[in-house]
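Q: Just passing along the structure, written as structure tokens.
The values are calculated or read from the model by the stated rules, or taken from the named source; none is laboratory data. Worth saying up front: this structure is predicted, and the values here are computed from it rather than measured. Methodologically, a virtual Cβ is constructed for each residue, glycine included, from the backbone with ideal geometry; neighbour enumeration extends over all protein chains shown.
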């Protein structure tokens, strides 16, 4: 399936636009509506109403519902990558901590987005799943692998080195499991063992996960 590109088939009345604000409002609306309703049940009217704009703006900015869905997913992937780099630049010797913190920040801002992505990848087979693969899963995997490759045989004294016998792709799967499963099963975990996902617990979990990776997978496993 071809990835859509946006175009402008007709210019709405200036009073209806609000330019960047209207487009951003529609993307924010898409995050909410697609996270809480099945793709097939979300209508352009629902999206426009939630955004507080004229439904004609969906066609103007995104062509159709699918185009808006695509743009929303791309914005999610781009935001995740920006957050990873922000955390990584603050602590360049700990790329795994950056990934853990970026996922947690994304979940705090949009708690239903991880569930939406998991649901699409695990249970759906239609075009909405294909868009999640093309716009989120594949780009983010490539981005994170490129980040981890910096530590494969690193010659920088201030950077840890990924063990030569570790496959970065397999390691990334482990990191994603450690990072995402608590987000997806947060309510169930709380019911099973009474865990409260407050800030103190989250910080402890990020620290412990980072320590396990640091000492198990890196050649220079210094205490963080």
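Q: Against the definition (at pLDDT below 90 and either surrounded by 18 or more Cβ atoms within 10 Å (Cβ to Cβ) or within 13 Å of the chain's Cα centre (by Cα) (or both)), how does residue 139 come out, yes or no?
A: Numbers: at pLDDT below 90: no; either surrounded by 18 or more Cβ atoms within 10 Å (Cβ to Cβ) or within 13 Å of the chain's Cα centre (by Cα) (or both): yes.
Against the criterion (at pLDDT below 90 and either surrounded by 18 or more Cβ atoms within 10 Å (Cβ to Cβ) or within 13 Å of the chain's Cα centre (by Cα) (or both)), residue 139 does not qualify.
For every residue, the table says whether it meets (1) modelled with pLDDT of 95 or more; (2) surrounded by fewer than 20 Cβ atoms within 10 Å (Cβ to Cβ); (3) in contact with a strand residue (DSSP E or B) (Cβ under 8 Å, 6 or more places away or on another chain).
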{"position": "69", "(1), (2), (3)": "yes, no, no"}
{"position": "74", "(1), (2), (3)": "yes, yes, no"}
{"position": "78", "(1), (2), (3)": "yes, yes, no"}
{"position": "95", "(1), (2), (3)": "no, no, no"}
{"position": "105", "(1), (2), (3)": "no, yes, no"}
{"position": "113", "(1), (2), (3)": "no, no, no"}
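Q: Would you check which residues across region 142-183 are at pLDDT 85 or above, in a helix (DSSP H, G or I) and over 24 Å from residue 203 (Cα atoms) and list them?
A: Once the filter is applied, which keeps residues that are at pLDDT 85 or above, in a helix (DSSP H, G or I) and over 24 Å from residue 203 (Cα atoms), region 142-183 yields 142, 143, 145, 146, 168, 169, 170.
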